[in-house]
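Here's the structure we're looking at; comments come further down.
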Amino acid sequence: MVTYDDLNLQNDRITELSHVLHKLLSDRGLCDSKVTCDLFFQYVESVQDHLKLEDRHIYRQMLTHKDQEVRNTATKFMSGQVEIKRVFASYLRKWCKKRGQVLKISDYQQFAKETDEMFELVLDRIQDESEKLFPLLREITGEDHLLVA
């Protein structure tokens, strides 16, 4: 069973990790530490898990709704999700070795720029979910606590 509380807790965790990692990764000397890498890959896994959860449980009921605006909102969020996945995959290929869960930073300035852009993209998405997607879901389902089983 997935609840709004579950989704919000995931978003809170992703936000918290984004802020901590932003600080850690702004210091080149900390980028290669095991602690930073562990937190970074927790962040990656948290974002990916959240997007998968939304794929499996949220959009189906919106795409089949009678109201065209609801369907349009679902399509917009799904398109945004595809873009986040694309940016994430490209970023990970360029800057990470998943096997050893280490960052491979050859150009720190470019890494820092792309990392900030990625964090901003994800944080903007979280804000949109909180302000637009979740309230709309509550409205169309009439549920305050339970989202889907």
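Details
- Checked against the criterion of being over 30 Å from C37 (Cα atoms) and either out of contact with any strand residue (DSSP E or B) (no Cβ under 9 Å at 6 or more places or on another chain) or open to solvent by less than 40 Å² (accessible area, probe 1.4 Å) (or both), the candidates L133, L121, L92 yield just one match: L133.
- Here H50 passes the criteria (1) of a type outside the set (S, T, N, Q); (2) touching a Leu at 6+ places or on another chain (Cβ under 7 Å); (3) at pLDDT 90 or above; (4) open to solvent by less than 70 Å² (accessible area, probe 1.4 Å) except the one numbered (2).
- Leading residue by the ranking (surrounded by the fewest Cβ atoms within 10 Å (Cβ to Cβ)) among those in the stretch 1-47 that are small (G, A, S) and part of a helix (DSSP H, G or I): G29
- Leading residue by the ranking (least open to solvent (accessible area, probe 1.4 Å)) among those in the stretch 65-89 that are over 21 Å from the mean Cα position of the chain (by Cα) and in contact (Cβ under 8 Å) with a residue 24 or more places away in the chain: V70
- Residue pairs meeting the criteria (Cβ under 8 Å; at least 6 apart or on separate chains; first closer than 10 Å to Q81 by Cα, in the stretch 43-64; second open to solvent by 60 Å² or more (accessible area, probe 1.4 Å) and assigned to a helix (DSSP H, G or I)): L51/K85
- Number of positions in the stretch 53-101 that are of a type in the set (F, W, Y) and at pLDDT below 90: 1
- When residues of the stretch 95-118 are limited to those that are assigned to a strand (DSSP E or B) and in contact with a Lys or Arg (Cβ under 7 Å, 6 or more places away or on another chain), the one least open to solvent (accessible area, probe 1.4 Å): C96
The values are calculated or read from the model by the stated rules, or taken from the named source; none is laboratory data. Being a predicted model, the structure only gives us computed values, none of them experimental. Using ideal geometry, Cβ is built from the backbone for each residue, glycine included, and neighbour counts are taken over all protein chains shown. Just the protein is used for accessible areas: all its heavy atoms, side chains included, with ligands, DNA and RNA removed. Shrake-Rupley method; radii C 1.70, N 1.55, O 1.52, S 1.80 Å.
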